[in-house]
Amino acid sequence: MRTQICIIGGGPSGLLLSLLLHRRGIDTVVLERQTREHVLSRIRAGVLEQGLVALLKEAGVAGRLNREGFEHDGTRLAFGGETLHIDFRRLTGTPVTVYGQTEVTHDLYQARDEAGCKTVFTVSDVSLSGADTDHPRVSYTADGTRHTMDCDFIAGCDGFHGVSRPSIPQAVRSDYEKVYPFGWLGVLSETPPVDDELIYANSPRGFALCSMRNRHLARYYIQCSAEDRVESWSDGNFWEELKRRLPEQAAANLVTGPTIEKSIAPLRSFVTEPMRWGRLFLCGDAAHIVPPTGAKGLNLAASDVHYLYHGLCQYYEDKDTVGLDAYSARALARVWKAERFSWWLTNLMHRFPDQSPFDRKMQIAELEFLRENEAAQKAMAENYVGLPY
Ligand code: FAS
Ligand code: PHB
């Protein structure tokens, strides 16, 4: 079999890249390890930068997002008994959009079906060969049969645990990693969100986040031990702990109920360089991971897709490799700034097990400077709404 771009991974990166390229007449095939149902069962990101919203509009898949997404003009930081509002719209002129990654993925699959884009689900034993030549190919097993896909380029959109990044020789790759000494225990509940904006709380008992998917679906997180297990958290224990970490008014307003999803995510910062090897291009979580504090994971995948999509269009339409040759450096320039912001906000809002009294004083000073300084608030807002592509 042959295609122009073989995309490994049917998550947001691979799906969005495939649909954008299809709209420009460029042929792709997406190879996905799981079933569609499994992919769509994942509860992940909730905040979209306007860059991602624009890409979804360009891909012709923003209809439901326009109807059901919520623009948020700011967010709240709670610490030391006070709540600080960071006004994105006033400070940057830009909002963010609250719309679940699950919905984005659903909309992308539906639009690709309607456009006749090809996806092979439940593939196994995916292996790349010839990525450093002009004739790359991807082999995989589907329905018990071994297949080989010849292509012009391979897009490695297969996430942190995929096969694409390891296919780049260690001698060529540099990995940068920081693992945080805690995780996030997250729940989804069919209850009204506690506030009309997100609340990030730094409490003496640890971090908490109040988010949402819509007016009837709330998403909450609390910092937990890296060794914690989701089975040891009953709904009741979760709600009690969350209340202890929220500002008084929010705790009083909190509507609790049965959780419909509960999971623990580890927190890490990770980047691999370069994001290209020959005709293999890494995109999204395959190349980088951020702690979810800054809501950057999905949004960084979007800017990678933007750079790769335009580079591939330039190659096929203008026979020009400038965009592809610049891909890794351009993508990494934005990745590292988002890594910094996510690391900064994680350090600002969490209680670290080994935090010294001096470290705590630094957190308080940083939060009070943010409260008192408009330039500091503007810098935070510009990073949160998304730096330019
Ligand atoms: P994904 O990991 O989403 O997709 C990769 C796809 O490749 C998967 O469908 C996988 O099945 C497939 N795959 C893997 N190996 C394969 C192989 N060998 N062959 C074929 N297919 C293969 N980001 C936020 O902004 N906010 C959040 O709150 C947030 N919460 C998260 C919670 C969790 C538990 C996780 C894991 C991530 C979270 N993220 C969050 C980050 C997340 O949203 C990612 O940034 C986003 O899914 C990136 O999309 P992809 O790059 O497409 O990777
Ligand atoms: C979410 O709604 O899942 C969410 C929102 C903001 C974050 C992380 C997660 O920083």
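Take VAL255 and ALA115, extend 7 Å from each Cα along the Cα→Cβ direction, and tell me the distance between the two endpoints in nm. Reported label-point gap for VAL255 and ALA115 is 3.8 nm.
Measure off, as a whole percent, the carbon and sulfur share of the 1.4 Å-probe accessible area of the chain, all protein chains present. Kindly include the intermediate steps, with their values, before the conclusion.
Values: 8140 of 16160 Å².
The value for the chain is 50 percent carbon and sulfur by accessible area.
Can you tell me the order of 189-201, 247-259, 273-285, 83-95 when each peptide is scored by its average per-residue count of other Cβ atoms within 10 angstrom, highest first?
Working: 189-201: 19.9, 247-259: 14.8, 273-285: 24.7, 83-95: 16.7.
Top to bottom by mean Cβ count within 10 Å: 273-285, 189-201, 83-95, 247-259.
Of all DSSP bridge pairs formed entirely within the chain, close to 75 percent run antiparallel.
Its Cα centre serving as origin, region 248-389 has a Cβ charge dipole (Lys and Arg +1, Asp and Glu -1) of approximately 200 debye.
Per the Kirkwood formula on distinct C-alpha pairs, the Rh of the chain is how many angstrom?
On the way: mean 1/r = 0.0461 Å⁻¹.
Roughly 21.7 Å, rounded to one decimal.
Using C-alpha pairs below 8 Å separated by at least 6 residues, the relative contact order for region 177-248 is 35 percent. Legend: calculated FRET efficiency, GLU190 to HIS38, from the Cβ-Cβ distance at R0 = 22 Å, rounded to 0.05, equals 0.50. At a probe radius of 1.4 angstrom, the accessible area of the chain per residue rounds to 42 square angstrom.
Relative protection proxy for 205-212, 223-230, from highest mean packing down: 205-212, 223-230 (other beta-carbon atoms within 10 angstrom). Restricting the calculation to alpha carbons of region 273-334 gives Rg and Dmax of 12.0, 40 angstrom. Using only Cα atoms, find the angle between the long axis of helix 357-372 and the longest principal axis of the chain, and express it within 0 to 90 degrees, rounded to the nearest 10. So the helix axis and the longest Cα principal axis differ by about 90 degrees. With the biggest extent put first, the Cα atoms of region 40-173 measure 58, 41, 28 Å across the principal axes. Annotation: extensible slack from ASN237 through ARG173 equals 18.7 nm (criterion: 0.36 nm per residue apart, minus Cα-Cα distance). For region 53-116, relative contact order (Cα pairs under 8 Å, six or more residues apart, normalised by length) works out to 32 percent.
For region 318-358, take N as its residue count and report Rg(C-alpha) divided by 2.2 N^0.38 Å.
On the way: Rg = 17.9 Å, N = 41, 2.2 N^0.38 = 9.0 Å.
It is 1.98.
The values are calculated or read from the model by the stated rules, or taken from the named source; none is laboratory data. These numbers were taken from a predicted model, which means no experiment stands behind them. Virtual Cβ from ideal backbone geometry, glycine too; neighbours counted across all protein chains shown. For the accessible areas, the whole protein counts, side chains as well, though only heavy atoms, and no ligand, DNA or RNA atoms are used. Shrake-Rupley method; radii C 1.70, N 1.55, O 1.52, S 1.80 Å.
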